C-alpha cells in the first residue's frame, strides 16, 4: 500500500510541477528527436525485437520475440546503435529470414527510489541490422567496450562466435511521458539523424528529475 501511495504522490507532484507555470514546456518533434538521440547515447541496454521465423515451432511463428541486449551509440554519434550479437541468438536467426528487420525499445534506467518509469520518455526504433565491416571492427569494438567493459569476453576473436552489428534506424516512435506537455508519435528519421544528443534538454524537462529536485519526496508529510 505504501508503494501505491508513493506512486500516486509522484504523479500528483508531476502534475503540480508541470502545471503551476503558465508558460509550461511543451515538447516539439525536434525536442523529442534530441531526447531520443540522448537516450541512445546515454543508456546502453534495450530490448531487441524480431518476428519468429517459419523454421520455429508452428505455435510461435509470426509472434514478436524480444530479449534484453547491450548496445552503444555509434562512434562518432549517429543515432544508429551498435550491438554485439551471436549467430546462435534467436533474434539474429529471425532477422536473417526477414530482410534483417528488427526494432529496439529503449528507455531510461535508474535506481532512484522516486523513479517512475511510465512517466519517463521511451522510444521504439524501427530498422534493420547490418554486420559491421572488418575494417571498422577495431573502432567499433573500442566504442562498444567503453560503454560495456564486461563485454570484452564476447568480442570477436575471443573464441566466441559474436559479431558487431549496426542497427540502421529508419523510423522512430516516441512516448515522452504522461500529459499534454510531452510529444507522443513518430519522429521524422532525417530530423532524428540531424540533431545531436543533449543531456540538458532531457534532464530539465523530465518529471522524475523535477520531483527529486523539488525535495518533496524527502519531506515529512502528515
Task: FRET E, pair residue 184, residue 151, Förster distance 41 Å, beta-carbon r, rounded to 0.05 - done: 0.80
Task: Estimated FRET transfer efficiency when R0 is 41 angstrom, pair residue 200-residue 55 (beta carbons, to 0.05) - done: 0.30
- [ ] Could you list 192, 186 in order of exposure, starting from the residue whose Cβ has the fewest other Cβ atoms within 10 Å?
- [x] 186, 192
Task: Exposure proxy ranking, count of Cβ atoms within 10 Å, fewest first, for 182, 152, 128 - done: 152, 128, 182
TODO: Give me 36, 86, 189 ranked fewest to most by other Cβ atoms within 10 Å of their Cβ, as a rough exposure proxy.
DONE: 86, 189, 36
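Read-outs throughout are calculated quantities, based only on the coordinates presented, and are distinct from any laboratory measurement. Source: prediction; values computed, not measured. Cβ: placed from backbone, ideal geometry, glycine included. Neighbour counts: every protein chain shown.
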